[in-house]
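> The following block contains the structure, expressed as structure tokens.
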Amino acid sequence: MADQRSEDRDTAASPAALALRWEEPPEGPVLVILDQTRLPAEEVELVCTDVPVLVEAIRSLAVRGAPLLGIAGAYGVALAAARGFDVDEAAESLAHARPTAVNLGYGVRRAAAAYHAAAKAGADAQGAAAAALAEARALHREDAEASERMAAHGLALLDELLPAGGYRLLTHCNTGALVSGGGGTALAVAAAVHRVGQLRRLWVDETRPLLQGARLTAYEAGRAGMAYTLLTDNAAGSLFAAGEVDAVLIGADRIAADGSVANKVGSYPLAVLARYHHVPFVVVAPTSTVDLGTADGASIEIEQRPGHEVTDITVPYAPAAGAQAGTGIPVAPLGTQAYNPAFDVTPPELVTALVTEAGVVSPVTGDGIAELCARSRSGNGMMSI
């Protein structure tokens, strides 16, 4: 079960503190998430007391973003363990809640492995649950630290690629604190550029059909005081043609072993535009988003979402005339079929650089990806190829 809490908040508060947290009230542990479908008009929290509610929150995009999904998945396993539910069943349902974002399964597996290792070592149910929670908290901390390092690496890369400074950056979808345990991925780099006074303009794609850029990236950019401008997705080409974009920064939901990048649909056209106009196209993602078990872009499972997200305009928080919150207003004829992939895939040859917490890979190749992951997972620190 879940309840909702809507509170007045200090608008200067960091969304990183709002996106997700673990609480232990007297009635039992809960996972509290910020319902991102209600932003920017309302900051409403969902209180998840069991895994089915969390799975639905993931599927409905109340909680979203590759790194944060991993964290949510890990806490979900801990929640099942702490409340005495079947941990393996919970892990299975969580891991398959959304198919493309590899971090979700990664977080679930880490927490489940910690739970089973503790149980095998003789821990009772409470001790095993505590081990799962400790692993979820460790992943949360690691992601926050990774955000800081990605921001630093991304800033250094932009300084190298564009030494004149004063960057005009184009971003797609939402990649800030709302997708992370820390400052985010691509938007964390933009925020670092802003903090050193080098951000001339942040161009924000609205990101159809669910408008994560318009609703969420604009929300975060405004809080941070960035100079930003919102544009329709199909206006990006005119910006490139006018010479108004210095670099493109996006995140990733899965990176295949060959360097192919699955990200929010609309990313691939930006990569093509960037290549034609000789503009750097930079992907910012933690190494946990790299899936060496997926050979190439064609092997990435692409989530297909409901057609009504395209044929209807959803009203999640502010009812239009005669509509109720959470309903859709049809914009296409009744019975219209819709093509609605959540992601597209950008081939590695169109990616200028991959920025991770462990360093930068450029050019993006299978060998470079493999070496990066080997160094990262052996704990040998930073690298740049």
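> Any residue in region 166-173 that is touching a helix residue (DSSP H, G or I) at 6+ places or on another chain (Cβ under 6 Å), surrounded by 24 or more Cβ atoms within 10 Å (Cβ to Cβ) and either β-branched (Val, Ile, Thr) or at pLDDT below 95 (or both)?
For region 166-173, residues touching a helix residue (DSSP H, G or I) at 6+ places or on another chain (Cβ under 6 Å), surrounded by 24 or more Cβ atoms within 10 Å (Cβ to Cβ) and either β-branched (Val, Ile, Thr) or at pLDDT below 95 (or both): present.
> Name every residue in region 109-150 that is more than 12 Å from Ala82 (Cα to Cα) and in contact with a strand residue (DSSP E or B) (Cβ under 9 Å, 6 or more places away or on another chain), in order of residue number.
Ala136, Arg137, His140, Ala146, Arg149, Met150
> Moving to a separate point now. Does Pro209 satisfy being of a type outside the set (A, V, I, L, M), touching a helix residue (DSSP H, G or I) at 6+ places or on another chain (Cβ under 6 Å) and outside the structural domain of Gly73 (by TED's automatic domain parsing)?
yes
> Condition first: free of Cβ contacts under 8 Å to residues at least 40 places away in the same chain, of a type outside the set (A, V, I, L, M, F, W, C) and in a loop (DSSP other than H, G, I, E, B). Can you find one or more residues in region 52-73 that meet it?
The answer is yes, given that some residue of region 52-73 is free of Cβ contacts under 8 Å to residues at least 40 places away in the same chain, of a type outside the set (A, V, I, L, M, F, W, C) and in a loop (DSSP other than H, G, I, E, B).
> Inspect all residues belonging to region 106-116 and state whether any of them is over 24 Å from Glu303 (Cβ atoms) and crowded, with 23+ Cβ neighbours inside 10 Å. Lay out the reasoning, then the answer.
Step one: of region 106-116, the residues over 24 Å from Glu303 (Cβ atoms) are 113-116.
Applying the additional criterion that residues be crowded, with 23+ Cβ neighbours inside 10 Å yields 114-115.
Checking region 106-116: at least one residue is over 24 Å from Glu303 (Cβ atoms) and crowded, with 23+ Cβ neighbours inside 10 Å.
> Scanning region 21-44 for residues that are in a strand (DSSP E or B) and at pLDDT 95 or above, which turns out surrounded by the fewest Cβ atoms within 10 Å (Cβ to Cβ)? Don't jump to the end; show me each part of the working.
Quick first cut of region 21-44, residues in a strand (DSSP E or B) only: 21-23, 30-34, 44.
Okay, now just the ones that are also at pLDDT 95 or above, so 21-23, 30-34.
On the way: Arg21: 14, Trp22: 16, Glu23: 10, Val30: 24, Leu31: 26, Val32: 18, Ile33: 26, Leu34: 21.
Per the stated criteria, the residue is Glu23.
> Can I ask one more? Only one of these conditions is not met by Glu303: (1) of a type in the set (Asp, Glu); (2) modelled with pLDDT under 95; (3) under 27 Å from Ala285 (Cβ atoms). Which number is it?
In the conditions (1) of a type in the set (Asp, Glu); (2) modelled with pLDDT under 95; (3) under 27 Å from Ala285 (Cβ atoms), Glu303 misses (2) alone.
> Take the residues of region 99-126 that are outside any helix (DSSP H, G or I) and farther than 30 Å from Thr294 by Cβ: which is farthest from the chain's Cα centre (by Cα)?
The first filter runs over region 99-126 and keeps only residues outside any helix (DSSP H, G or I), leaving 99-101, 121-124.
Checking which are farther than 30 Å from Thr294 by Cβ leaves us with 121-124.
Details: Ala121: 35, Gly122: 36, Ala123: 34, Asp124: 35 Å.
So the residue we want is Gly122.
> Here's another thing I want to ask about it. From Ala188, Ala221, Ala144, which residue is surrounded by fewer than 21 Cβ atoms within 10 Å (Cβ to Cβ), at negative phi and at pLDDT 95 or above?
Being surrounded by fewer than 21 Cβ atoms within 10 Å (Cβ to Cβ), at negative phi and at pLDDT 95 or above holds for just one of Ala188, Ala221, Ala144, which is Ala144.
> For region 326-343, how many residues meet the condition of being in contact (Cβ under 8 Å) with a residue 60 or more places away in the chain and either crowded, with 19+ Cβ neighbours inside 10 Å or at positive phi (or both)?
2
> I'm trying to understand the selection: among the residues of region 82-98, which are assigned to a helix (DSSP H, G or I) and over 18 Å from Gly70 (Cβ atoms)?
Restricting attention to region 82-98, the residues satisfying the condition of being assigned to a helix (DSSP H, G or I) are 82, 87-95.
Correct list: Ala82, Asp88, Glu89.
> Does at least one position in region 290-309 carry a residue that is within 17 Å of the chain's Cα centre (by Cα), small (Gly, Ala, Ser) and crowded, with 17+ Cβ neighbours inside 10 Å?
The answer is no, given that none of the residues of region 290-309 is within 17 Å of the chain's Cα centre (by Cα), small (Gly, Ala, Ser) and crowded, with 17+ Cβ neighbours inside 10 Å.
> Count, please, the residues in region 224-257 that happen to be of a type in the set (Val, Ile, Thr) and crowded, with 20+ Cβ neighbours inside 10 Å.
Residues meeting the conditions: 4.
The values are calculated or read from the model by the stated rules, or taken from the named source; none is laboratory data. Since this is a predicted model, take the numbers as computed values, not measurements. When we count neighbours, we look across all protein chains shown, and the Cβ atoms used for this are built from the backbone with ideal geometry, even at glycine.
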